[in-house]
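The values are calculated or read from the model by the stated rules, or taken from the named source; none is laboratory data. Note that the coordinates shown come from a computational prediction; the quantities given were computed from them, not determined experimentally. Cβ: placed from backbone, ideal geometry, glycine included. Neighbour counts: every protein chain shown. Accessible surface areas use protein heavy atoms only, side chains included; no ligands, DNA or RNA. Shrake-Rupley method; radii C 1.70, N 1.55, O 1.52, S 1.80 Å.
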Protein chains: 2
Amino acid sequence: MKIHGTHFRTLWLDEGRSSVSVIDQTELPHRFEMVRLGSLDEVARAIVTMVVRGAPLIGVTAAFGVALALREDPSDASLARALATLEATRPTAVNLRWTMKRMAAELGHKSRSERFEAALALAQRLAEEDVAINRAIGEHGFEVFRAIARDKGKDTLQVATHCNAGWLGTVDHGTALAPIYRAHDAGLGIHVFVDETRPRFQGAALTSFELGQHGVPHTIVPDGASAHILRTARVDVVIVGCDRVARNGDTANKIGTYPLALAAMDNGVPFYVALPSRTLDFSLEHGDAIPIEERAAGEVLEVTGVDASGVKRTVRVAAPGANARNPAFDVTPARLVRGFISERGVLDARDLHRLVEPA
Amino acid sequence: MKIHGTHFRTLWLDEGRSSVSVIDQTELPHRFEMVRLGSLDEVARAIVTMVVRGAPLIGVTAAFGVALALREDPSDASLARALATLEATRPTAVNLRWTMKRMAAELGHKSRSERFEAALALAQRLAEEDVAINRAIGEHGFEVFRAIARDKGKDTLQVATHCNAGWLGTVDHGTALAPIYRAHDAGLGIHVFVDETRPRFQGAALTSFELGQHGVPHTIVPDGASAHILRTARVDVVIVGCDRVARNGDTANKIGTYPLALAAMDNGVPFYVALPSRTLDFSLEHGDAIPIEERAAGEVLEVTGVDASGVKRTVRVAAPGANARNPAFDVTPARLVRGFISERGVLDARDLHRLVEPA
């Protein structure tokens, strides 16, 4: 994806192969800055503090974190510590666990002298696969969009989305935003209603930044306003990403997705989930079994932005002494999802098993 | 209601009767400050800028605004200008229109020399009526809460609310919060989940402030999180205020109320609207006819709060160049409302006509 006209991915291996560089997403949209992560601990901290975020990107970044740990110490103990440390950073997104399992399986039997090279090669392969998966999701989603536009006889689709499931949350292309970029580039008119996504404003800060860089027309709405927008603004389709999908199709995604799905259902607007097969957790029967990360209350009680001089500042919005709940995700029941747009095509909840079968 | 132990109403006539004092709600929760409004234009500006807000309080404040205009100039032209100016301040809340109509009816035939006194007396009567109405809503709502607690065998009720329908939005007691205060004072355990209520944070800033002053346990949640809270936190009842209710029970209230009602319905949680009969607009058949105020995009793109030194600051959270929609209200369909708690008792949507019939 292009930023100020230059092609970027969200992470890359630095020359010398002793660190990876990532875009510091806590500085967006105000500053576009790269950070070098040179150790397991730096990678883990970047995930916890959401310098990198988005289920697919967390998985790939963690893979490089394992490689960096093995560069310093290729022992079994070091590998085990790296896998455990990274898996503990964020509990809900399943890509992280999937990635750690795959690294354990591929690296455990390697000799110490092979481990760093093998881990690096696997991390790079996972990054390339992420790009390819998202490109395929973009194609399948574009077909969905085209069909809706054709059926309704519209030149421009009104699309709603939540949080950031764009290229910033992946290595490139994005998941939910991939079909939007694909459709926009192909000349289908697209306008996106972007939920601001409290408490961390990933919609207002990240999705709006991405869409703006790509020239996609869009409008930010407070999360509580999107139901009204769906009722009154002739929205054609809702598309969101996901952090973990259970076997039955129940979908954990950024907090605020479930009420958006309810509003879509109440207004007859089809609600799609962009689902890389790595984000399917076939071991869980339903969504109630998905662990929901609870983050610090301060993220709700205080807001960080930039003042008129561009100085970053944090202000308190809540009453003194007030407390807050801050669940980072919610679970949208499968019954509210029209379809899952995966790299293997658009699936109904009943057909998710196809994603765990050989292609 | 008590603030720092002192009894306050949200507005009162100053000695000399040439101004009214109100609490500046744009400074809450960080500073508790009074502002004097000494003219029609000052009253109108206070309503537009939300120094005073809440449908009942807007109505009463506007009544005093008419009196202040007539104090300076009791002519027909002055009366007409006052009514038109105030009615134009905010389009959705119907209490304002109801009040202006009532003032027109009672003051139009009065002589110039009588008008100021008559307007002042009426404004004061409307203020007293508001207090009495809300006290009655508190009693009827308390009965609803008691019945729920009894049926479930619970000592403590989990209540969810949106925006601020407390004493800050009325002359005293509040509408949706009146039953909460009544129940708390009577010894029924109450814990309130308070939607923060973007974009202006009336929940996090005002409701949390009020409940804190009164000692009612509560927790702020981002608007997008309340559906998850309703699904997982055993919430017993949702109660909200309203800005205008149509004849069929469709309810305009602060943006974000409609998705909260959808979440309540999806989780079997009863959803009540506290409805002073003045907020019923029997002239409108259904909610689609209610005008929805659209406010400035800046309220969404920027956030105001206080920094660690207590200095008030405004920070931008959205991407540069981004635009936003900012509808101030949404319409909750009557089918999602379990009951309307009015000063005359709890009514079903089908029985709202009783509120426009003589008692």
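Multiply the residue separation of A:Glu129 and A:Asp351 by 0.36 nm, subtract the distance between their alpha-carbon atoms, and state the gained length in nm to one decimal.
Here the answer is 77.7 nm.
How high is the FRET efficiency from B:Ala308 to A:Ala296, r the C-beta distance, R0 25 Å, rounded to 0.05?
0.95
³J(HN,Hα) across the stretch A:306-322 via Karplus (A = 6.51, B = -1.76, C = 1.60, θ = phi - 60°), whole Hz, x for Gly/Pro?
10, 7, 4, 8, x, 7, 6, 9, 10, 10, 8, 10, 8, 4, x, x, 6
Most mobile of B:Gly298, B:Gly189, B:Gly153 per a Gaussian network model of chain B (Cα springs, under 10 Å)?
Top of the fluctuation ranking is B:Gly153.
Pairs of alpha-carbon atoms within less than 8 angstrom and 6+ residues apart define the contacts here; what relative contact order does the stretch A:165-301 have, in percent?
Relative contact order of the stretch A:165-301: 22 percent.
As I understand it, the dipole of chain A uses +1 on the Cβ of Lys and Arg and -1 on the Cβ of Asp and Glu, about the Cα centre. Which of A:Ala118, A:Val20, A:Val171 lies farthest toward its positive end?
A:Val171
Tell me, what HN-Hα J-couplings in whole Hz come from the Karplus equation 6.51 cos²θ - 1.76 cosθ + 1.60 at θ = phi - 60° for each residue of the stretch A:275-283, using x for Gly and Pro?
10, x, 4, 5, 9, 7, 10, 6, 7
How much of A:Arg335 can a 1.4 Å solvent probe reach, expressed as accessible area in Å² and rounded to 10?
140
Does the stretch B:59-136 classify as rounded, prolate or oblate by the C-alpha gyration tensor (a ≥ b ≥ c root eigenvalues; a/c under 1.5 gives rounded; else a/b over b/c gives prolate, otherwise oblate)?
oblate
Can you give me the span-like helices of chain A, meaning DSSP H runs with 24 Å or more of Cα extent along the axis and Kyte-Doolittle mean at or above -0.5?
A:55-72, A:112-152
Which residue, A:Glu285, A:Glu143, A:Glu15, has the most motion in a Gaussian network model of chain A that connects Cα atoms within less than 10 Å?
Between A:Glu285, A:Glu143, A:Glu15, it is A:Glu15 that shows the largest mean-square fluctuation.
Quick one, can you get me the convex hull of the C-alpha atoms of chain A expressed as volume per residue in Å³?
Output value, Cα hull per residue: 144 Å³.
Quick one: length gained pulling A:Arg81 to A:Glu27 fully straight, 0.36 nm per residue minus the C-alpha distance?
In short, 16.5 nm is gained.
Please give the average number of partner chain Cβ atoms lying within 10 Å of the Cβ of each residue in B:298-306, rounded to a whole number. Display every interim value, and only then the final one.
Details: counts 0, 1, 7, 5, 5, 7, 3, 10, 5.
Per residue, the number of nearby Cβ atoms from other chains is 5 on average.
Along Cα→Cβ, 7 Å out, is where each label goes; now give me the distance between the ones at A:Glu139 and A:Ser18 in nm to one decimal.
4.2
Per residue, how many Å² of accessible area does the stretch B:276-357 show with a 1.4 Å probe?
Values: 3500 Å² over 82 residues.
Per residue, the stretch B:276-357 has 43 Å² of solvent-accessible surface.
Give me the distance between the Cα centres of the stretch B:270-334 and the stretch A:292-359, rounded to whole Å.
When both Cα centres are located, 22 Å separates them.
What does the charge dipole of the stretch A:189-244 about its Cα centre add up to, to the nearest 20 debye, if the Cβ of each Lys and Arg holds +1 and the Cβ of each Asp and Glu holds -1? Don't skip to the end; give the middle numbers.
On the way: 5 positive and 6 negative charges, 22 e Å.
Result for the stretch A:189-244 is approximately 100 debye, rounded to the nearest 20.
Can you pull the percent of chain B's accessible area that's carbon plus sulfur, 1.4 Å probe, other chains left in place? Write down the numbers at each step before the final one.
Numbers: 6130 of 12650 Å².
Solvent-exposed carbon and sulfur of chain B make up 48 percent of the total.
When all protein chains stay in place, what accessible area (Å², nearest 10, 1.4 Å probe) is found for B:Ile190?
10
Would you mind checking which residues have amide H under 5 Å from A:Leu284's amide H? H placed 1.01 Å from N; only 5 or more apart, or other chain.
A:Arg247
About its Cα centre, what dipole magnitude does the protein assembly as shown give when the only charges are +1 on Lys and Arg Cβ and -1 on Asp and Glu Cβ, stated in debye to the nearest 20?
The calculated dipole for the protein assembly as shown is roughly 240 debye.
Using protein heavy atoms only (no ligands, DNA or RNA), what is the total accessible area buried between B and A, 1.4 Å probe, nearest 100 Å²? Mind showing how you got there, number by number?
Numbers: alone 14850 and 14790 Å², together 25260 Å².
About 4400 Å² of accessible surface is lost on pairing.
Given a Förster distance of 22 angstrom, what is the FRET efficiency for B:Ser39 paired with B:Glu114, based on the Cβ-Cβ distance and rounded to 0.05? Spell out each step's value before the answer.
On the way: r = 21 Å, r/R0 = 0.94.
Efficiency at R0 = 22 Å is approximately 0.60.
Specify the residue with the greatest mean-square fluctuation among A:Arg234, A:Arg313, A:Arg247, computed from a Gaussian network of chain A linking alpha-carbon atoms under 10 Å apart.
With Cα springs under 10 Å in chain A, the top fluctuation among A:Arg234, A:Arg313, A:Arg247 is at A:Arg313.
Classify the stretch B:140-208 as rounded, prolate or oblate from the Cα gyration tensor: take a ≥ b ≥ c as the square roots of its eigenvalues, call it rounded if a/c is under 1.5, otherwise prolate when a/b beats b/c and oblate if not.
Taking the square roots of the gyration eigenvalues as a ≥ b ≥ c, the stretch B:140-208 is prolate.
Using only Cα atoms, locate the centre of the stretch A:130-172 and the centre of the stretch A:4-79, then give the distance between them in Å, rounded to an integer.
27
Taking 51 Å as R0, compute the FRET efficiency from the Cβ-Cβ separation of A:Glu106 and A:Asp151 and round it to 0.05.
0.70
Contact order normalised by length for the stretch B:1-156, with contacts defined as Cα pairs under 8 Å and 6 or more residues apart; what percent is it?
Computed value for the stretch B:1-156: 18 percent relative contact order.
Considering protein heavy atoms only and a 1.4 Å probe radius, which residues within the stretch B:213-238 exhibit an accessible-area decrease of no less than 50 Å² in the full assembly relative to the chain by itself?
B:Ile220, B:Pro222, B:Gly224, B:His228, B:Arg231
In percent, how large is the relative contact order of chain B, given Cα pairs closer than 8 Å and 6 or more residues apart?
Values: 721 pairs, mean separation 56.7, N = 359.
It comes to 16 percent, rounded to a whole number.
Amide H neighbours of A:Thr175 under 5 Å, counting only residues 5+ apart in sequence or on other chains, H built in-plane at 1.01 Å?
For A:Thr175, the qualifying residues are A:Gly166.
Once fully extended, how much extra length lies between A:Ala186 and A:Ala359, figured as 0.36 nm per residue of separation less the alpha-carbon to alpha-carbon distance?
On the way: separation 173, 0.36 × 173 = 62.28 nm, distance 2.81 nm.
Separation in residues times 0.36 nm, less the Cα-Cα distance, equals 59.5 nm.
Give a residue-ordered list of calculated ³J(HN,Hα) values for the stretch B:284-297 (Karplus: 6.51 cos²θ - 1.76 cosθ + 1.60, θ = phi - 60°; whole Hz; x for Gly, Pro).
Using θ = phi - 60°, the values come out as 9, 5, 8, x, 4, 8, 7, x, 10, 5, 10, 9, 5, 4 Hz.
So how much accessible area does B:Lys2 have, in Å² to the nearest 10, using a 1.4 Å probe?
Roll a 1.4 Å probe over it and B:Lys2 shows about 120 Å².
Please list the non-local residues whose amide H lies under 5 Å from the amide H of B:Ile3, H modeled 1.01 Å from N, same-chain partners needing a gap of 5 or more.
B:Phe8
Say the dipole of chain B comes from +1 at the beta carbon of Lys and Arg and -1 at that of Asp and Glu; which of B:Thr314, B:His30, B:Met265 then lies farthest toward its positive end?
The Cα lying farthest towards the positive end belongs to B:Met265.
Based on the alpha-carbon gyration tensor of the stretch A:198-306 and its eigenvalue square roots a ≥ b ≥ c, which shape applies: rounded if a/c is under 1.5, prolate if not and a/b is larger than b/c, or oblate?
Taking the square roots of the gyration eigenvalues as a ≥ b ≥ c, the stretch A:198-306 is oblate.
Report which residues of the stretch A:310-343 become buried by 40 Å² or more of accessible surface when going from the isolated chain to the complete set of protein chains (1.4 Å probe; DNA, RNA and ligands ignored).
SASA drop of 40 Å² or more in the stretch A:310-343: A:Arg313, A:Val315, A:Arg316, A:Val317, A:Ala319, A:Asn323, A:Arg325.
Summing -39500 (n - 2.57) over the DSSP H runs of n ≥ 4 in the protein assembly as shown and dividing by its residue number, what mean residue ellipticity at 222 nm do you reach, to the nearest 500 deg cm²/dmol?
About -11500 deg cm²/dmol.
Can you put B:Val356, B:Val35 in order of accessible area, largest first, using a 1.4 Å probe?
The ordering from most to least exposed comes out as B:Val356, B:Val35.
Would you mind working out the magnitude of the charge dipole of chain B relative to its Cα centre, with +1 at each Lys and Arg C-beta and -1 at each Asp and Glu C-beta, to the nearest 20 Debye?
260
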